[in-house]
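The values are calculated or read from the model by the stated rules, or taken from the named source; none is laboratory data. Note that this is a predicted model, so its numbers are computed, not measured. Because the Cβ atoms are built from the backbone with ideal geometry, glycine has one as well, and the counts that use them run over all protein chains shown. Heads up: the accessible areas ignore ligands, DNA and RNA and are worked out on the full protein's heavy atoms, side chains in. Shrake-Rupley method; radii C 1.70, N 1.55, O 1.52, S 1.80 Å.
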Amino acid sequence: MSWFHERAAYAEHMKYREKNPNRYVVKHGTNKHSDHSKVLSNDLILNQSLVDTLFCQIMSLIPSKSMSLPLSIEICFENNWLEHKDNDSSVIGSFLPYKLFQHGKLLREGRMLLSNWGNRGEPASVYEDAFSRFLIIELKKQRSTNNYDGLTQYGFHKFLNARYAKLLPEYKILGVGKELKPRILNILVDNFELKVSGDFIILPEVEIKKDSDKDLLNFIQQLFVVGLAKEFSRGRLSEMQLDK
């Protein structure tokens, strides 16, 4: 069973696909696209099952939790996931609102999404149901109630090691100018104590097991840290302080 099949907007999304069939054409086979992990399985159902296991774990693990990060930063999640869809139902999924605090002061609200995020990652060549699978972390724009900036996004087609049922730990910063990357990496090392190797951030290695949550929680915490450092370096999170 596909995780997306259980989403409230699934039927509307499938109607969207019928009207826009060219968005879901398979252009490359598994592992033949430069954007793919080189250790995906040719068994698309296996790839799908592994990531859906993570999606279900995340949905059960995160609600009502608080994450304590360096620099006296705290992420406080709401109690319930909400259904997500865009206006034309091309993007569907679920999201969990959160609040970002530092030194006990509310800085901003945001949301964490599990979503297909359009047709990115050529999902028809990666997963049996042809849905991309992304974890996306967003932060509300200043003085806005409905608009968000993306902190960071994690496409599982890039990092899934299907043979050993785990995620690859090497994570590369994308979506920012080359001139910002050295500053972001320095902030991650000096202020947040993350591990870096060259241009890569070394995230916790997550084994995909239904009874293992610790590494998954640490992994999500570090994705938040990466997103906050990126947003601060862009000048879009001036409320945050880097002082320890």
Selection from the stretch 77-98 of residues that are more than 17 Å from Ser2 (Cα to Cα), modelled with pLDDT of 95 or more and surrounded by fewer than 16 Cβ atoms within 10 Å (Cβ to Cβ)
Asn79, Asn80, Leu82
Of everything in the stretch 126-137, what is crowded, with 21+ Cβ neighbours inside 10 Å and either in a strand (DSSP E or B) or over 10 Å from the mean Cα position of the chain (by Cα) (or both)? Give them in sequence order.
Val126, Tyr127, Ala130, Phe131, Ser132, Phe134, Leu135, Ile136, Ile137
Got a number for residues in the stretch 180-209 being part of a helix (DSSP H, G or I), surrounded by fewer than 16 Cβ atoms within 10 Å (Cβ to Cβ) and aliphatic (A, V, I, L, M)?
1
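Here is a yes/no grid of residues against (1) closer than 23 Å to Phe77 by Cα; (2) of a type in the set (A, V, I, L, M, F, W, C):
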position	(1), (2)
Ile136	yes, yes
Gly155	yes, no
Lys158	no, no
Asn186	no, no
Leu194	yes, yes
Gly198	no, no
Ile201	no, yes
Asn218	yes, no
Leu237	yes, yes
Please verify whether Leu61 is among the aliphatic types (A, V, I, L, M), without any contact (Cβ under 8 Å) to a residue 24 or more places away in the chain and more than 28 Å from Ser125 (Cα to Cα), treating the condition exactly as stated.
no
Residues located in the stretch 139-177, provided they are within 18 Å of Asn218 (Cα to Cα) and either without any contact (Cβ under 8 Å) to a residue 24 or more places away in the chain or among the small types (Gly, Ala, Ser) (or both):
Gly155, Ala165
The residue that is most open to solvent (accessible area, probe 1.4 Å), considering only those in the stretch 1-58 that are hydroxyl-bearing (Ser, Thr, Tyr) and touching a residue at least 24 places away in the same chain (Cβ under 8 Å), is Tyr10
Considering each residue of the stretch 150-179, count those that are surrounded by 15 or more Cβ atoms within 10 Å (Cβ to Cβ), part of a loop (DSSP other than H, G, I, E, B) and modelled with pLDDT of 90 or more, and give that number.
4
Exactly one of these conditions fails for Lys105: (1) at pLDDT 95 or above; (2) crowded, with 19+ Cβ neighbours inside 10 Å; (3) not hydroxyl-bearing (Ser, Thr, Tyr). Give me its number.
(2)
I'd like to check something: does the stretch 105-123 contain any residue that is aromatic (Phe, Trp, Tyr) and not in a loop (DSSP other than H, G, I, E, B)?
no
Going by the structure shown, is Leu242 part of a loop (DSSP other than H, G, I, E, B) and either over 17 Å from Ile62 (Cβ atoms) or modelled with pLDDT of 95 or more (or both)?
yes
Picking from Ile136, Ile201, Ile220, which residue would you name as being of a type outside the set (Gly, Ala, Ser) and touching a residue at least 40 places away in the same chain (Cβ under 8 Å)?
Ile220
